[in-house]
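Colleague: Mind looking over this structure? Questions follow.
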Amino acid sequence: MLRSAPAVKLILQQTSDHLLRIQKSNSLASNTQIAFQHLMSRLLDTVHPSHQLNSTVMSFPLTAAAILRKRLVFLGYEIESDRLEVPVFSSVIHQMDQRMNANVRVYWEVTVTSDFLVGIVPLSSSTLETEVAHRLAFGSGKWWSKSKSMDSTISAGKSMETYGIVVDAFAGKLAIVTPDGKEHWGLGTDNWDEEECKAQRRMLQDCWTPFFALRGILYIAKLSD
């Protein structure tokens, strides 16, 4: 999911933009509508693998719209009209994007005995040092949002302790789970001003990789499959 999501989300965004342009130009001819039915079936096969919807739609062109609509309803998508036109396609693409975000809730743990820094950086980052201005993190009793910081009541103890990190892409929030099991939501929350919250949520819903730093030793932590 984490490896395929960036490419699929890019396809969804490009398709949505193209649909909006066609809707504004009011040029949805019948042959273009058929092309979008095929495109929608391919998108559904990508987001919901193994359904083989695209081959079915291409094999039965006269009933393609009915087949596509039946599959969309079966998969739980809300269809606002009986006719599969641009507004319906755009709505389905938006629902697909929401579902992908809802499926990305990631948790991992770090065990520490001193001050630490843990969080996420953009997927394109090669090292933490070159991306300090873009990180979202917690460490040394502070929440870090890029170059800004906010004090937190959480701090690493002197004994060995394990902390959990939760990234909820759908909610656009990042939390630390302390050794007592409590979740402390610190990024993407109302603790920050509105614009900063929006920026944090955009990054949390984008493509990122986790990192962990301890006493000046920086490395990128990779998620296991």
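The values are calculated or read from the model by the stated rules, or taken from the named source; none is laboratory data. Computed from a prediction, not measured in an experiment: that's the story for all the values here. Cβ placement follows ideal geometry from the backbone for every residue including glycine, while neighbour counts extend to all protein chains displayed.
Colleague: Output the qualifying pairs, or none if there are none: Cβ atoms under 7 angstrom, residues six or more apart or on different chains, first residue in the stretch 168-182 and among the basic types (Lys, Arg), second residue surrounded by 15 or more Cβ atoms within 10 Å (Cβ to Cβ).
Modeller: Short answer, once both residue conditions are applied: 173/185; 173/187; 173/188; 173/189; 173/204.
Colleague: If you take the residues of the stretch 180-205 that are surrounded by 14 or more Cβ atoms within 10 Å (Cβ to Cβ) and in a loop (DSSP other than H, G, I, E, B), which of them is modelled with the lowest pLDDT?
Modeller: 205
Colleague: Continuing with this model, one more query. Within the set of pairs 6 or more residues apart or between chains, which connect a residue that is without any contact (Cβ under 8 Å) to a residue 40 or more places away in the chain and farther than 12 Å from residue 39 by Cβ inside the stretch 52-65 to a residue that is in a loop (DSSP other than H, G, I, E, B) and of a type outside the set (D, E, K, R) with Cβ atoms less than 9 Å apart?
Modeller: Close Cβ pairs (under 9 Å, with a partner that is in a loop (DSSP other than H, G, I, E, B) and of a type outside the set (D, E, K, R)) amount to 65/84.
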